[in-house]
1. Looking at the stretch 39-91, which chymotrypsin sites (Phe, Trp or Tyr not before Pro) are in a loop (DSSP not H, G, I, E or B) and have at most 15 other Cβ atoms within 10 Å?
2. Can you give me the distance in nm between label points at Leu369 and Thr232, each placed 7 Å from the Cα along the Cα-to-Cβ direction?
3. Please state the charge dipole magnitude for the stretch 129-244, taken about the Cα centre, from unit charges on C-beta atoms (+1 on K and R, -1 on D and E), reported in debye and rounded to the nearest 20.
4. Taking only the alpha-carbon atoms of the chain, what semi-axes of the equivalent ellipsoid follow from 5 times the gyration tensor eigenvalues under a square root, in whole Å, largest first?
5. On the protein heavy atoms, probe 1.4 angstrom, tell me the percent of accessible surface of the chain carried by carbon and sulfur.
6. Taking a ≥ b ≥ c as the square roots of the Cα gyration tensor eigenvalues, with a/c under 1.5 meaning rounded and otherwise prolate when a/b beats b/c, else oblate, which class fits the stretch 168-312?
7. Using all alpha carbons of the stretch 1-117, what is the percent of pairwise distances in each 5 Å bin, ordered from the shortest bin to the longest?
8. So, for the chain, what is the accessible surface per residue at a probe of 1.4 Å, expressed in square angstrom?
Amino acid sequence: MTAGELTVRVAGSVGELPAGEWDALGGQENPFLSHAFLSALEDSGSVGPGTGWQPAPIVLEDDTGRLVGALPSYAKGHSQGEYVFDHSWADAWHRAGGHYYPKLQIAVPFTPATGPRLLLSDERFAAPLLAAAERVCAGNGFSSAHATFVDPAQLALFEQAGWLPRSDIQFHWANRGYGSFDDFLASLSARKRKAIRKEREGAVQGLEIRRLTGADIRPEHWDAFWIFYQDTGARKWGTPYLTRAAFDLIGERLADRIILVLAFDGAEPIAGALNFIGADALYGRYWGATREVRFLHFELCYYQAIEAAIGLGLDRVEAGAQGGHKLARGYEPVTTWSAHWIADPGFRAAVAEFLERERSGIAQDQAWLGERTPFRKA
């Protein structure tokens, strides 16, 4: 497909595209959009044949073949690993006699972290890219296209193209210029401050907590974390999304953008949490343990992340999807956004009506949660 002097095509993978050109579009703010991260998912077999996530990046090239725009997109055969739930839509469309799958997913696989979904050298390239996504769906019999965890600054570009916006809630920690964890605690009510101190003391009794990054993360640490990840994945999802090789490749390619927090009982690691460093945020991704220790999950995933973010001067911690228990620990409700294109006009109208009702409920929930943060009242 061509658009003036521009060419739009579907590439076979992110890995086959020039890393420097992809990263120039994606920027350095979000580690998950980097060529290194996305190609590691491909090279490790975490996405690709047999996974239901078939890489299909839609790219826009100028007359020299240079990338000027891209969508990190995948042909999906299911709705697993997305964290924006459309199972009820799929069920409704199947009951009406349609085929919901395959569909097009514009996202970072298995990663509920907000970021740009239109990778652009110029904002005017948004429209041809989204039109190309719609043509890919129409030409391949896809029911729909879904851009999830969209940067709010890009939402208007999707809406201008006629895509339907959808909102949800996550819990993020905001750095209000704290110089230390104690400064953060001082901003909380006395009761919450005391509760967090008690949790932290109880969680680490008899244990050593280490935060590792870069070359300090060795193969044996990944071996231990793989065991933790498998345990959590088996309990939450049935089958873990990432392969063992994914952790080795991510560790090789993004070592300096990783903080691996491990809890040791003597020389034995018993629990861990994996975080990624962005330009202005720390992203908590995976956690697991081989031993049940009260409050250790909160310590490794939330409190250690806050300490690390303060030390790095980052603006916030994004601790992943769901988890109302984060509220009592200083993580506040924020709105996340997705955008959806539905091929069938009747189905689209039904989804649009549902989303309008859902947004009202989400807004009410967020207002209710916002009144129940643990911070001291003025």
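The values are calculated or read from the model by the stated rules, or taken from the named source; none is laboratory data. Predicted model, so just to flag it, every value in this text is computed and none were measured. All Cβ positions, glycine included, derive from the backbone under ideal geometry; neighbour counts span all protein chains shown. Note: accessible area is taken over every heavy atom of the protein model, side chains too, but ligands, DNA and RNA are not part of it. Shrake-Rupley method; radii C 1.70, N 1.55, O 1.52, S 1.80 Å.
1. Working: sites: Trp53, Tyr74, Tyr83, Phe85, Trp89; in loops: Tyr83, Phe85.
The qualifying sites are Phe85.
2. Going from the Leu369 label point to the Thr232 one covers 1.8 nm.
3. Details: 16 positive and 13 negative charges, 106 e Å.
Magnitude of the dipole: close to 500 debye.
4. Equivalent-ellipsoid dimensions as semi-axes: 36, 24, 20 Å.
5. It is 51 percent, rounded to a whole number.
6. It is prolate, given that a/c is not under 1.5 and a/b is the larger ratio.
7. Percent of Cα pairs in each bin: 2, 11, 20, 22, 18, 13, 9, 4, 2, 0.
8. Details: 15890 Å² over 378 residues.
That works out to 42 Å² per residue.
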